[in-house]
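Asker: Have a look at the structure that comes next, please.
Since every read-out is calculated from the coordinates, none of them should be taken as a lab result. Remember, predicted model here, so these are calculated numbers, not experimental data. Backbone-built Cβ (ideal geometry, glycine too); neighbour counts: all protein chains shown.
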Ligand code: AMP
Ligand code: ZN
C-alpha cells in the first residue's frame, strides 16, 4: 500500500512496525460546538484509511482523543479556553457542553458510517499521564517554568519543524484571532505544557500538579493519550492539515523528547473543505453542520459520497452545484444497485478477482477513492450475472461505507431527507386537526391521525410547547 507521508512529503510504501498490525492515532474534535462538515470530511477520510488498511489485511488499533480542556482560542496558547466559551454561550457547565457535543459528534459519525475508534478518550481523563510526561521533560531540560506556566523549550531541538518551514505562518500564530502574545515564552515557538497562570481565574477545570493547580495545554493531551494507549511508537497519526502546525509539530517535539527516539512513521493529513468564503471554521459562527446539510436536501450518505469523489489531499469546495451533482450520481448508483437481483448463479471468479484487484489497487494508491468509485460504476455496467456484481459491490462497500448493503437488501437509502413544502403543509394541517380532536377529547380521531402520518413515515413528537414531527426512514 502506498501512502503520502506529510513528514517526508513523498508517497511512500506503507510498512507497519509490527507485521499485520497498525497503531493509529487521530486528533479528535474540540467539543465546544457541533462539528462542521469540514471537520467531518477529515473524519470520513480517516475512516476510509482505517477501512482500507483492514481491507488489505491489517488489524488496526485506533485511538482518538476528545478535546474537552486546554484548547485556547488561538492555537498559539493565548485567548480564552474554547470549552469555557461554549459553556458561557449556552449558559451550561463545561462538562455539560462536553457531553452534549461529544454525543452530537458521535451521532454525526453514526449517520456518516464513520466507525467509532475502539479507544476514545477525553483529555480530562489522562491528567496523571500529562503530569508524568511534563515532569520528565523538565528533568531532562526540555521544559521550564515561567510566569507560573510550564513551557516546552523549542530551542532545545535541532529539527523542530517537521512538516516544512512554517516561517511565515508561525509568526502569525501569536496574533491570530486578535489575541495577545504570551510574554512568558523564551522563544516564539515555545508552547504551554501546563497552565497555572491564566487570565481566566474561573476556569472550571483545574487539577493539582507539582507546579500548582492548573490545567494541561492542548498539545500534551494527544502525546499523553497516544503514549498511554499505544505506547512509545506510532505507525500513523491523522488530522486535518491545519493541525500540522503548531499542534502536530508540538506533539512530535514533546513526545520524542520524552521517549528519546523517533515516534511516528507516517503523518496523514486531510486537506480542508472550504466554502465560497474560504476555510470552514467553527469560530466563524455560522458554519455548516451535517444536520443543516441534511435539511438542505443532502443526506449524510450523499455528503460521504461527495467527499469520496475527490482526493483527500486536494482542497474541496462545498457549493450547491457540486453537492447537487454528487447527489444525482449517488442516487443513480443506489438505483442501479437496488435493481440487482440474486439469481442463484455461480459467481464468475475471474471477473470477481479482476475487479477486486482494480478496486484494491485504487484505494492502495494513497486512497484514490475517486478511482475506486469509478470501478463501482464499471462493475455495474459489466456483462455478467447479478450475483457476481452483488459480491463485488458488497466487498467494495467495506471500504466505501456507502450503504450499498442496504440498497442490495432493498431497504430505502435516504438520499434526500428534507421535506418538500407541500408535504410539510399537509403534516402541519394534520397536527392542527389532531390538536383540535384532543381538545374535544376525541382521542380516537387523534390516534387515527397519528397512525395515518406514521404510515407516511412521519413520527409525531409531543412536547410541552406543542407537537413537532420527524421523518423516519
Ligand atoms: P477541531 O474540532 O477544531 O479540533 O477539529 C477537528 C478536526 O477537523 C481536526 O483534524 C482539524 O484539523 C479538522 N478540520 C478543521 N477544519 C477543517 C476543514 N475546514 N476541513 C477539513 N478538516 C478540518
Ligand atoms: Zn491532537
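Asker: How big is D, in µm² s⁻¹, for segment 338-400 by Stokes-Einstein at 4 °C and 1.567 mPa s if Rh is the Kirkwood radius over C-alpha pairs? Could the numbers behind the result be given before it?
Answerer: Working: Rh = 11.8 Å.
Once the numbers are plugged in, D ends up at 110 µm²/s.
Asker: Here's a follow-up. Using only Cα atoms, tell me the angle between helix 349-364 and the longest principal axis of the chain; keep it within 0 to 90° and round to the nearest 10.
Answerer: Here the helix axis deviates by roughly 40 degrees.
Asker: Related question: In deg cm²/dmol and to the nearest 500, what is the mean residue ellipticity at 222 nm of the chain if only DSSP H runs of at least 4 residues count, each as -39500 (n - 2.57), divided by the residue total?
Answerer: Details: 16 runs with 205 residues, N = 473.
Taken over the chain, the calculation gives -13500 deg cm²/dmol.
Asker: On a full-extension model of 0.36 nm per residue, what is the gain between residue 296 and residue 410, subtracting their alpha-carbon distance, rounded to one decimal in nm?
Answerer: Values: separation 114, 0.36 × 114 = 41.04 nm, distance 2.50 nm.
Difference between extended and current length: 38.5 nm.
Asker: Scale the Cα Rg of segment 62-148 by the rule-of-thumb value 2.2 N^0.38 Å and send over the ratio, two decimals.
Answerer: Numbers: Rg = 16.0 Å, N = 87, 2.2 N^0.38 = 12.0 Å.
Taking N as the residue count of segment 62-148, the ratio is 1.33.
Asker: Using only the alpha-carbon atoms, how far is helix 37-55 inclined from the longest principal axis of the chain? Give it as 0 to 90 degrees, nearest 10.
Answerer: For helix 37-55, the angle is close to 80 degrees.
Asker: Between residue 370 and residue 444, how high is the FRET efficiency from 1/(1 + (r/R0)^6) when r is the Cβ-Cβ distance and R₀ = 56 Å? Nearest 0.05.
Answerer: Values: r = 56 Å, r/R0 = 1.00.
My answer for the efficiency is 0.50.
Asker: Largest first and in whole Å, give the semi-axes of segment 184-318's equivalent ellipsoid, each being the square root of 5 times a Cα gyration tensor eigenvalue. Mind dumping the intermediate values first?
Answerer: Values: eigenvalues 222, 92, 40 Å².
Three semi-axes, in Å: 33, 21, 14.
Asker: Right, something else. Work out the FRET efficiency for residue 93 and residue 354 from their Cβ-Cβ distance, taking R0 = 41 Å, and round it to the nearest 0.05.
Answerer: Numbers: r = 58 Å, r/R0 = 1.41.
That pair, residue 93 with residue 354, gives E of 0.10.
Asker: Next question, about the same structure. When only Cα pairs under 8 Å and 6 or more residues apart are kept, what is the percent relative contact order across segment 278-398?
Answerer: Working: 91 pairs, mean separation 31.9, N = 121.
Relative contact order comes out at 26 percent.
Asker: If you line up the long axis of helix 369-381 against the longest principal axis of the chain, both from Cα atoms, how many degrees apart are they, to the nearest 10?
Answerer: 20 degrees
Asker: Right, another one. Kindly put 263, 218, 116 in sequence by how many other C-beta atoms sit within 10 Å of each C-beta, fewest to most.
Answerer: On the way: 263 20, 218 24, 116 13.
Ordered from fewest to most neighbouring Cβ atoms within 10 Å, 263, 218, 116 come out as 116, 263, 218.
Asker: Ranked by Cβ crowding within 10 angstrom, fewest neighbours first, how are 467, 124 ordered?
Answerer: Values: 467 17, 124 20.
Sorted ascending by nearby Cβ count, the order is 467, 124.
Asker: For the residue pair residue 331 and residue 128, what label-to-label distance in nm results when each label sits 7 Å from Cα along the Cα-to-beta-carbon direction?
Answerer: 5.6 nm
Asker: Using only the alpha carbons, work out the radius of gyration and Dmax of segment 315-372 in angstrom.
Answerer: 15.6, 44
Asker: With only alpha-carbon atoms in the gyration tensor, what are the semi-axes of the equivalent ellipsoid for segment 28-95, in Å, largest first? Could you put the intermediate results ahead of the total?
Answerer: Values: eigenvalues 193, 29, 24 Å².
Equivalent-ellipsoid dimensions as semi-axes: 31, 12, 11 Å.
Asker: How long, wide and thick is the chain, going by the Cα atoms along their three principal axes, in whole angstroms, largest first?
Answerer: Computed over the Cα atoms, the extents are 71, 68, 36 Å.
Asker: Could you order peptides 134-143, 25-34, 344-353 by the average number of other Cβ atoms within 10 Å of their residues, highest first? The partial results should precede the final answer.
Answerer: Working: 134-143: 18.0, 25-34: 24.5, 344-353: 12.7.
Descending packing order for the listed peptides: 25-34, 134-143, 344-353.
Asker: If you average over every viewing direction, what projected area does the convex hull of the Cα atoms of segment 324-473 give, in nm²? Intermediate values should be presented prior to the final figure.
Answerer: Values: hull surface 50.3 nm².
That works out to 12.6 nm², a quarter of the Cα hull's surface.
Asker: Using only the alpha-carbon atoms, what does segment 1-121 span along each of its principal axes? Please give whole angstrom values in decreasing order.
Answerer: For segment 1-121, the Cα extents along the three principal axes come out at 49, 31, 24 Å.
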